[in-house]
Amino acid sequence: YYGEPTNYPTAFEATPTGSSIKLTWQDATGEVLPTGYLILASDEDSFTMPVDGSPVANDPNLSDGSGAMNVAFGAEEYIFAGLPYNVTYY
C-alpha cells in the first residue's frame, strides 16, 4: 500500500470544445506523490465516493450519464469525447 499523498492536484479546469470536454490540472506536489488520479463524471450532481483499495474500472463512455477514468501522475489532462450537446456534466 502507498501512503496518502501529501497534497491534491491544483488548477483544475474543464474546457468544453464541440462534443468533448478537456480536463486539465497541475499535478500534486509534496513528499508523498500520488501514482495517479481517478476522474469521475456524471450528468447528475451526485457521486458515490470510491473506497480506498477498491479499483474503479475505466469507463470513458458517458452515454449512460456517468463515467470514470484512471489517469497516471504526470499526464495532467484527459479528454472525454463523443458527448451529446447541451448536457451538463459534473
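Screening 30, 3 for residues that are open to solvent by less than 60 Å² (accessible area, probe 1.4 Å), out of contact with any strand residue (DSSP E or B) (no Cβ under 7 Å at 6 or more places or on another chain) and modelled with pLDDT of 95 or more leaves exactly one candidate, 30.
Does residue 41 fit the bill of being open to solvent by less than 80 Å² (accessible area, probe 1.4 Å), over 14 Å from residue 70 (Cα atoms) and under 13 Å from the mean Cα position of the chain (by Cα)? When the stated conditions are applied, residue 41 does not pass them. For region 16-27, filtering for residues that are in contact with a strand residue (DSSP E or B) (Cβ under 7 Å, 6 or more places away or on another chain) and either on the phi > 0 side of the Ramachandran plot or open to solvent by less than 60 Å² (accessible area, probe 1.4 Å) (or both) leaves 5.
Scanning region 9-23 for residues that are in a loop (DSSP other than H, G, I, E, B) and at pLDDT below 95, we see that the one that is farthest from the chain's Cα centre (by Cα) is 18. Out of curiosity, is residue 51 of a type in the set (A, V, I, L, M) and assigned to a loop (DSSP other than H, G, I, E, B)? So residue 51 passes the test.
So that you can scan it fast, the table gives a plain yes or no per residue for (1) surrounded by 12 or more Cβ atoms within 10 Å (Cβ to Cβ); (2) in contact with a Ser or Thr (Cβ under 8 Å, 6 or more places away or on another chain); (3) free of Cβ contacts under 8 Å to residues at least 60 places away in the same chain:
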position: 46; (1), (2), (3): no, no, yes
position: 49; (1), (2), (3): no, no, yes
position: 54; (1), (2), (3): no, no, yes
position: 57; (1), (2), (3): no, no, yes
position: 65; (1), (2), (3): no, yes, yes
position: 71; (1), (2), (3): yes, no, yes
position: 78; (1), (2), (3): yes, no, yes
position: 83; (1), (2), (3): yes, yes, no
position: 88; (1), (2), (3): no, no, yes
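Of the numbered conditions (1) under 17 Å from residue 67 (Cβ atoms); (2) in contact with an Asp or Glu (Cβ under 8 Å, 6 or more places away or on another chain), residue 20 fails exactly one; give the number of that condition. Answer for residue 20: the failing condition is (2).
The values are calculated or read from the model by the stated rules, or taken from the named source; none is laboratory data. Given the structure is predicted, the values throughout are model-derived calculations rather than measurements. Glycine also receives a Cβ, built like all others from the backbone with ideal geometry; neighbour counts cover every protein chain displayed. Just so you know, the surface numbers come from the protein's heavy atoms only, side chains and all, with ligands and any DNA or RNA stripped out. Shrake-Rupley method; radii C 1.70, N 1.55, O 1.52, S 1.80 Å.
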